[in-house]
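See structure below.
The values are calculated or read from the model by the stated rules, or taken from the named source; none is laboratory data. Every value quoted in this text rests on a predicted model; they were computed, and no experiment measured them. Every residue, glycine among them, receives a Cβ derived from its backbone with ideal geometry; neighbour counts consider all protein chains shown.
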2 protein chains.
Amino acid sequence: MLKISELAVLTGLSAHTIRFYEKHGLIEASKRSDSGYRYYSDADVKRAEFVKSARNIGFSLDDIGVLLSIRLDKQSHSCQEVTDITQHKLDEVNARLAELQTMQQTLERLLESCCGGPENATHCSIIEALDGGDVTVARRAS
Amino acid sequence: MLKISELAVLTGLSAHTIRFYEKHGLIEASKRSDSGYRYYSDADVKRAEFVKSARNIGFSLDDIGVLLSIRLDKQSHSCQEVTDITQHKLDEVNARLAELQTMQQTLERLLESCCGGPENATHCSIIEALDGGDVTVARRAS
DNA sequence: ATTGACCTTAGAGTTGACTCTAAGCTTATA
DNA sequence: TATAAGCTTAGAGTCAACTCTAAGGTCAAT
């Protein structure tokens, strides 16, 4: 059984974050000492690592909650439920990627157009481009 | 001279957002009526459009503030100042793109590995992958 | 027995960019 | 003139995921 700081070292999450995740139902300590200290079993560690993996992929804490409930009772859930969540996250990631790629291209174009030198900005092509409004539009939806 | 709702239609920003930007020094109304209504000149409109262009590219409001001060007094600023800000934003965008691309690949790999069917999740390869922790790590720095 | 590291809690603060509310003027239309 | 649409302000609320604080209890080592 590990104490919270030991779980923190193991998972790379801070003790603060572990308590925060507990408050949100993501991580549990299967035992408490008489004085209230959290103690984590091997299964608790596995669960914490699951949470961390899911977080690393970009799942929201809400998503992770759903994934955990599936993990806890696999019999009652289908693969399709899991792929639905995953596909939805992939769609979000792809949408954000498209926005960022547009920004990237615009920024690169601007940088190519500007001398970047120590001369004053009276004829700076970046400022002019922003003034002209001829920059591509890409804003996050949500 | 335009009223705030007219500027809102023109720029696609909401009147709320325009006031919010004013509070942060980004947009100004060069006149106020006796009753306090904001009135925007052509120059004010240009400025608002500049702000919107910069925002669309992904610049933070703080960045936009700096860009505006350069725009207002081009003589006192160099092209290099402008490219520094732009390059820095491009670096951020590239960093985030790399993270998202890692997520994208991981999510695609997971989706390929799972049948996604109506069978129960007892052997779901996505759940297993998250359990095993064999997912790539990519978290935003800031 | 004392020090210091670690643990507990509830709850507040952070970030960035909005978004909304309430209460009250002003202006345009019928 | 009455009504509705639009404007004003200060300030609070929203989102997600932490991050930190304060005040105090616990534990291991000297």
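Brief remarks follow.
- A:ASP63 vs. criteria modelled with pLDDT of 95 or more, out of contact with any helix residue (DSSP H, G or I) (no Cβ under 8 Å at 6 or more places or on another chain), acidic (Asp, Glu) and under 20 Å from B:LEU111 (Cβ atoms): no
- Counting the residues of region A:13-37 that are buried (at least 19 other Cβ atoms within 10 Å of the Cβ), within 17 Å of A:LYS3 (Cβ to Cβ) and of a type in the set (A, V, I, L, M) gives 4.
- For region B:16-37, a tally of residues being under 16 Å from B:GLU49 (Cβ atoms) and either away from every other protein chain (no Cβ under 14 Å) or more than 7 Å from DNA strand C (Cβ to nearest atom) (or both) returns 8.
- For region B:24-34, the condition of being under 17 Å from A:GLY132 (Cα atoms) and within 12 Å of DNA strand D (Cβ to nearest atom) holds for at least one residue.
- Any chance A:SER60 is near DNA strand D (Cβ under 10 Å from one of its atoms), hydroxyl-bearing (Ser, Thr, Tyr) and more than 14 Å from every other protein chain (Cβ to nearest Cβ): no
- Condition check for B:GLY116: over 19 Å from the mean Cα position of the chain (by Cα), away from DNA strand C (no atom under 12 Å from the Cβ) and outside any helix (DSSP H, G or I): yes
- Every listed requirement among (1) within 14 Å of chain B (Cβ to nearest Cβ); (2) more than 18 Å from the chain's Cα centre (by Cα); (3) crowded, with 17+ Cβ neighbours inside 10 Å is met by A:TYR40 save one, (1).
- Condition check for A:LEU90: under 18 Å from the mean Cα position of the chain (by Cα), under 25 Å from B:THR136 (Cβ atoms) and touching a residue at least 24 places away in the same chain (Cβ under 8 Å): no
- Inside region B:48-69, residues that are crowded, with 21+ Cβ neighbours inside 10 Å and either more than 12 Å from the chain's Cα centre (by Cα) or among the hydroxyl-bearing types (Ser, Thr, Tyr) (or both) make up a count of 4.
- Cβ-Cβ distances below 6 Å connect the following pairs, each with a first residue in region A:10-25 that is in contact (Cβ under 8 Å) with a residue 24 or more places away in the chain, a second residue that is charged (D, E, K, R) and more than 12 Å from DNA strand C (Cβ to nearest atom), and a separation of six or more residues or different chains: A:THR11/A:LYS52.
- Any hit, region B:78-99, residues being within 16 Å of DNA strand D (Cβ to nearest atom), at the interface with chain A (Cβ under 7 Å from one of its Cβ atoms) and surrounded by 13 or more Cβ atoms within 10 Å (Cβ to Cβ): yes
- When region B:93-136 is filtered for residues that are closer than 21 Å to A:VAL45 by Cβ and in contact (Cβ under 8 Å) with a residue 24 or more places away in the chain, the ones remaining, listed by number, are B:VAL135, B:THR136.
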